[in-house]
Every structure is written in C-alpha cells, then in structure tokens.
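The values are calculated or read from the model by the stated rules, or taken from the named source; none is laboratory data. Remember, predicted model here, so these are calculated numbers, not experimental data. Ideal geometry is used to build each Cβ from the backbone, glycine not excepted, and the neighbour counts take in all protein chains shown.
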Amino acid sequence: AQTVTQSQPEMSVQEAETVTLSCTYDTSESDYYLFWYKQPPSRQMILVIRQEAYKQQNATENRFSVNFQKAAKSFSLKISDSQLGDAAMYFCAYRSARNNFGNEKLTFGTGTRLTIIP
Amino acid sequence: DTAVSQTPKYLVTQMGNDKSIKCEQNLGHDTMYWYKQDSKKFLKIMFSYNNKELIINETVPNRFSPKSPDKAHLNLHINSLELGDSAVYFCASSQEPGDYQPQHFGDGTRLSIL
C-alpha cells in the first residue's frame, strides 16, 4: 500500500517571501501521479498543482512549483511571493497511474498548515 | 455553476439517529467518491462508484451505505450514528478510466454527533 508523509504539521512565512512544504511517499509502482491540494478555512479542496511521475520536468503553476525527486520519493511544493490568500492547509496526495478500476483513489498526507505573516 | 454540490453543508444530530448526505455533479464524470476528514484533518477514501457500480469499499462499517441512482449522484446514508462518525465528509468526482483527470471536490458536509 502507498503512504504519503508530510513531516511539517505547521509552517509560517512572511508575506512576499518564499516557502517550501515537504512531502515524501512510499510506493512500489513506477508510474503514478502526485498532487498538492489546498484547503482554506472555507473547507474547499482546491487543486494547486499536479505532477506525472514519468515526466522529469517539474510542474509549475504561476507562483507554485514543485521539486519532484523520483528516486528519493520526494515531492515538495514551493510557493513564491507568498500572499495572505495562500494561508490554508496543504495536502500532498498520491494516485496510481494503473488504468483499471480500484486504483483511482487519492491517498493523502496528514497536511501542513501554512500561516502567512503580514 | 457548482461542479460538485453536497447537501447539507452542516448536519447536527444525536447518537443513534440515521442520516443521509446527498451529492450531485454536473461535470459529466462517471466516477464519484466519498472521503472522510477526521478531527485531525486526515482525509481518507471511503467509497468510489463508477457508472452506479461500487468499485472501492475501504473497510468502512456497514452502517455506511452509499447509493448511486445514476452516475451524476452519489448519496451516503449512515445508520445508528456514533460519536466517532463526527467528521467532514467530502464528495468528489472524476472521469475514469483513461488519461488522468483530477478529482473535483464538493465543499464538504460537517457532521456533528451530540
């Protein structure tokens, strides 16, 4: 079974600075997908960024980028130019790329609460 | 237009009662899910359905019974509610199988058992 570990329960960053959230995972599969979801106080689950394991290039979405290290099974999220609206719980998630039913579930880490200091 | 909508958003009830949470998606997806987020914010899959058929049942007590009348709806009925059922329940949907599409989540239903 796959596991996802987020070792930082809480992080804080000064507004406009850069912060990196850590995520490691354990799997015996070679092909999979990794995600970062954001959960603000409103409780919504918002997809921030995703990475396909077969792609060597790190995904980027505006101020959000990942550092994907497949051999190390590491998937960190970097938020540049932090804004007050970035304050939220951030969840790392894993999904198998095996294309048959039963593998589509997301396995989540325990989350990191990010606070933005004005 | 809300893509994945859940009702109600809040549900407060007493131990031993039976309650239902409804979920509808208008994205045309054929796979829907229920996830449970506990008091420590941990999210875990409970069920998934594809075209009204149960695919994943992740060792959930049989007091929980999902029902999918059509591929756009997945409801969750819970019998004999217990204190430990207090949580936020999220519905989600995606298009499966095939080239991967992300899961879209509803806003969650906070269930509080008194």
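So which residues in region B:12-32 are surrounded by 13 or more Cβ atoms within 10 Å (Cβ to Cβ), under 16 Å from the mean Cα position of the chain (by Cα) and closer than 22 Å to B:His104 by Cα, if there are any at all?
B:Ser20, B:Ile21, B:Lys22, B:Cys23, B:Glu24, B:Gln25, B:His29, B:Asp30, B:Thr31, B:Met32
Within region B:53-71, can one find any residue that is in contact (Cβ under 8 Å) with a residue 40 or more places away in the chain, surrounded by 18 or more Cβ atoms within 10 Å (Cβ to Cβ) and not polar (S, T, N, Q)?
To start, the set of residues in region B:53-71 that are in contact (Cβ under 8 Å) with a residue 40 or more places away in the chain comprises B:71.
Subset that is surrounded by 18 or more Cβ atoms within 10 Å (Cβ to Cβ): B:71.
Within this subset, residues satisfying the condition of being not polar (S, T, N, Q) are B:71.
Among the residues of region B:53-71, at least one is in contact (Cβ under 8 Å) with a residue 40 or more places away in the chain, surrounded by 18 or more Cβ atoms within 10 Å (Cβ to Cβ) and not polar (S, T, N, Q), which makes the answer yes.
Which of the numbered conditions does A:Ala93 fail, given that it passes all the others? Conditions: (1) loosely packed, with under 14 Cβ neighbours inside 10 Å; (2) under 24 Å from B:Ser94 (Cα atoms).
Looking at each condition in turn, A:Ala93 falls short on (1).
Inside region B:12-114, counting only strands (runs of 3 or more DSSP E) that do not spill past its ends, which hold 1 or more residues that are of a type in the set (D, E, K, R) and within 13 Å of another protein chain (Cβ to nearest Cβ)?
In region B:12-114, the matching strands (runs of 3 or more DSSP E) lie at B:31-37, B:43-50, B:53-57, B:109-113.
Of all residues in region B:8-27, which are closer than 22 Å to A:Tyr37 by Cα and of a type outside the set (D, E, K, R)?
Passing the criteria: B:Cys23, B:Gln25, B:Asn26, B:Leu27.
Those residues that are touching a Pro at 6+ places or on another chain (Cβ under 9 Å) and of a type in the set (Phe, Trp, Tyr), I need them from region A:89-115; list them, please.
If the condition is that a residue be touching a Pro at 6+ places or on another chain (Cβ under 9 Å) and of a type in the set (Phe, Trp, Tyr), then A:Phe101 is the only one that fits.
For a quick check of your reading of the model, give me the residue pairs whose first member lies in region B:31-48 and is at positive phi, whose second is in a strand (DSSP E or B) and surrounded by 19 or more Cβ atoms within 10 Å (Cβ to Cβ), with beta-carbon atoms closer than 7 Å and at least 6 apart or on different chains.
B:Lys41/A:Met89
Give, as residue ranges, the strands (runs of 3 or more DSSP E) completely inside region A:25-86 that count at least 2 residues that are under 25 Å from B:Ser5 (Cα atoms) and free of Cβ contacts under 8 Å to residues at least 24 places away in the same chain. It would help to see each step written out before you state the result.
Numbers: elements: A:32-39, A:46-52, A:64-69, A:74-79.
Once the strands (runs of 3 or more DSSP E) in region A:25-86 are filtered for at least 2 residues that are under 25 Å from B:Ser5 (Cα atoms) and free of Cβ contacts under 8 Å to residues at least 24 places away in the same chain, what remains is A:46-52.
In region A:62-90, which residues are of a type in the set (Asp, Glu) and surrounded by 18 or more Cβ atoms within 10 Å (Cβ to Cβ)?
A:Asp86
Against the condition hydrophobic (A, V, I, L, M, F, W, C), farther than 26 Å from B:Arg110 by Cα and within 14 Å of chain B (Cβ to nearest Cβ), how does A:Ala97 come out, does it pass? Before the answer, list the steps.
Working: hydrophobic (A, V, I, L, M, F, W, C): yes; farther than 26 Å from B:Arg110 by Cα: yes; within 14 Å of chain B (Cβ to nearest Cβ): yes.
Considered against the rule, which asks whether it is hydrophobic (A, V, I, L, M, F, W, C), farther than 26 Å from B:Arg110 by Cα and within 14 Å of chain B (Cβ to nearest Cβ), A:Ala97 comes out as yes.
I'd like to check something: does region B:78-90 contain any residue that is of a type in the set (A, V, I, L, M), touching an Asp or Glu at 6+ places or on another chain (Cβ under 7 Å) and under 22 Å from A:Leu34 (Cβ atoms)?
Looking for residues that are of a type in the set (A, V, I, L, M), touching an Asp or Glu at 6+ places or on another chain (Cβ under 7 Å) and under 22 Å from A:Leu34 (Cβ atoms), one finds none in region B:78-90, hence no.
Which one of these does A:Ala59 not meet: (1) surrounded by 14 or more Cβ atoms within 10 Å (Cβ to Cβ); (2) more than 13 Å from A:Tyr90 (Cβ to Cβ); (3) among the hydrophobic types (A, V, I, L, M, F, W, C); (4) more than 14 Å from chain B (Cβ to nearest Cβ)?
Condition (4) is where A:Ala59 drops out.
Taking only region A:20-52 into account, find how many residues are surrounded by 19 or more Cβ atoms within 10 Å (Cβ to Cβ), over 12 Å from the mean Cα position of the chain (by Cα) and not hydroxyl-bearing (Ser, Thr, Tyr).
Summing the residues that are surrounded by 19 or more Cβ atoms within 10 Å (Cβ to Cβ), over 12 Å from the mean Cα position of the chain (by Cα) and not hydroxyl-bearing (Ser, Thr, Tyr) in region A:20-52 gives 1.
With B:Ser86, B:Ser80, B:Ser39 as the choices, which residue is at pLDDT 95 or above, exposed (fewer than 14 other Cβ atoms within 10 Å of the Cβ) and more than 12 Å from the chain's Cα centre (by Cα)?
None of the others qualify; the one that does is B:Ser80.
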